[in-house]
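Read the structure below first, then the notes.
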Amino acid sequence: MSRLKSGSRAVFTQPPLPFKCPGAPQKIVYLTADHLQHRGILKDCSLNYYVHAPVIFGVPFFARELVKIAARYGIEVHYQHNLVAVDGSLKTATFEKVTEQNKGERITVPFDMLHVSPPQSPPDEIKSSPLVNAAGWVEVNQNSMQHVRYPNIFSLGDVSSTPNSKTAAAVRKQAPVVVDNILHMMGKTAVAGGYDGYASCPLTTAFGKTILAEFIYGGKVTPTLPLNPAKEHWVGWWIKVTGLPLMYWNYMLKGHVWFPKHNTSFKGDVV
């Protein structure tokens, strides 16, 4: 990033789902733009974000604001493009279009800097096991985390089939549900649903600013803090760089389970 100079072309990619955090590939786009802006050369550089999806973010509430931020920086967002090849010596990246009208058509673009977010999948040991669905993920009930065919098996995190972000924030809410349900089974009581699909994505939009995106199944926005969740805040930056590491190492990994509740009755649906 620091080697970019006036006239440079930077290319960033987002692969097809599923991958760990749908917001992660675009965080570096905004941080790069902010860095170039502080250096006074943003307007002289070309920043291009190639996204496999037809939208910049899967939750419309946040996508509307992120589109504005990309436009503010002058970032060109290219939807429904999938990276299929890179030529390092020529410094070119080839993308395949995935729209119905242009499916299979390829374009090759030059770059001075390329940031690639690779496609992701479960480990081969999981994909080849009898526990998975057709897509290779451990097939669980999305609320109880119990396997749909083998009731004595539970799964969470990166390899589970829950249709949401595979992030630490998701695991934080999934783990207590799994523990409670294992205890239910040991006590011969009914397994209960308890995970609502919560995920959190602190979207870094500049150095010192984030949009703290929190949501559950169906893309419903569920903020924890009493702040406008669509807007950039310094508090979210502090949470990301200081609060979350402390929570992870000193709280989650030591087995503590109490966390502030996310607001599932939030009614804000207009940015």
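Over segment 9-115, what is the relative contact order in percent, taking alpha-carbon pairs closer than 8 angstrom and at least six residues apart? Could the numbers behind the result be given before it?
On the way: 175 pairs, mean separation 31.7, N = 107.
Over segment 9-115, the number comes to 30 percent.
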*Which aspartates and glutamates does LYS173 reach when only Cα atoms under 17 Å apart count, and residues fewer than 8 places away in its own chain are ignored?*
ASP158, ASP196, GLU214
_Per-residue ³J(HN,Hα) for segment 51-64, Karplus 6.51 cos²θ - 1.76 cosθ + 1.60, θ = phi - 60°, Hz, x for Gly and Pro_ = 10, 5, 6, x, 9, 6, 7, x, 9, x, 3, 7, 4, 4
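Multiply the residue gap between LEU227 and ASN133 by 0.36 nm, knock off their C-alpha separation, and tell me the result in nm, one decimal place. Display every interim value, and only then the final one.
On the way: separation 94, 0.36 × 94 = 33.84 nm, distance 3.91 nm.
So the extension gain works out to 29.9 nm.
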*Assuming R0 = 51 Å, what is the FRET efficiency of ASP112 and ALA192, from their Cβ-Cβ distance, to the nearest 0.05?*
0.45
*Report the residue, chosen from THR167, THR222, THR108, that carries the largest GNM mean-square fluctuation when the chain is represented by alpha-carbon nodes joined by springs under 10 Å.*
THR108
*Which peptide among 83-90, 147-154, 66-73, 17-24 comes first, and what is the full order, when sorted by highest mean count of other Cβ atoms within 10 Å?*
17-24, 66-73, 147-154, 83-90
*Near the amide H of VAL77, under 5 Å away, which other amide H atoms are found, from residues 5 or more places off or on another chain, if H is placed in the peptide plane?*
TYR49
*How many angstrom separate the Cα center of segment 46-109 from the Cα center of segment 202-271?*
26 Å
_From the helices alone, meaning DSSP H stretches of at least four residues, give me the mean residue ellipticity at 222 nm for the chain, per-run term -39500 (n - 2.57), in deg cm²/dmol to the nearest 500._
-7000 deg cm²/dmol
*Tell me, what HN-Hα J-couplings in whole Hz come from the Karplus equation 6.51 cos²θ - 1.76 cosθ + 1.60 at θ = phi - 60° for each residue of segment 125-141, using x for Gly and Pro?*
4, 6, 4, 8, 8, x, 8, 9, 8, 4, 8, x, 9, 4, 7, 10, 5
*Mean separation of Cα pairs under 8 Å and 6+ residues apart, divided by the residue count of the chain: what relative contact order is that in percent?*
17 percent
*What is the antiparallel percent of DSSP beta bridges lying wholly in the chain, to the nearest 5?*
65 percent
*How large is the dipole of segment 132-263 about the Cα centre if only Lys and Arg carry +1 and Asp and Glu carry -1, each at its Cβ, rounded to the nearest 20 debye?*
160 debye
*Which of the listed residues, THR92, THR204, GLN80, is farthest toward the dipole's positive end in the chain, when Lys, Arg count +1 and Asp, Glu count -1 at the beta-carbon?*
THR204
*Over segment 162-271, what relative contact order in percent results from Cα pairs under 8 Å that are six or more residues apart?*
22 percent
*Taking the chain as a Gaussian network, where each spring joins two C-alpha atoms under 10 Å apart, which residue of MET252, MET186, MET145 fluctuates the most?*
MET186
*Mean Cβ neighbour count within 10 Å, used as a protection proxy, ranking 124-130, 74-80 highest first*: 74-80, 124-130
*Of LYS188, LYS240, how do they rank once you tally other Cβ atoms within 10 Å and put the fewest first?*
LYS188, LYS240
*Work out from phi, with θ = phi - 60° and the Karplus expression 6.51 cos²θ - 1.76 cosθ + 1.60, the ³J(HN,Hα) of each residue of segment 14-30, listed in order in whole Hz, and give x for Gly and Pro.*
10, x, x, 5, x, 8, 4, 9, x, x, 4, x, 8, 4, 5, 5, 5
_Taking 30 Å as the cut-off for C-alpha to C-alpha distance, list the pairs among LYS43/LYS220; LYS91/LYS166; LYS166/LYS254; LYS127/LYS209; LYS68/LYS166 that go past it._
LYS43/LYS220; LYS91/LYS166; LYS127/LYS209
*Scan [x] 74, 36, 35; [y] 58, 35, 30; [z] 67, 43, 34 for the value of Cα extents along the principal axes in Å calculated from this model and give just the label.*
[z]
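Bear in mind these aren't lab numbers, they're just calculated from the coordinates by the rules spelled out. A quick note: this is a predicted structure, and the numbers were derived from the prediction, not measured. Because the Cβ atoms are built from the backbone with ideal geometry, glycine has one as well, and the counts that use them run over all protein chains shown.
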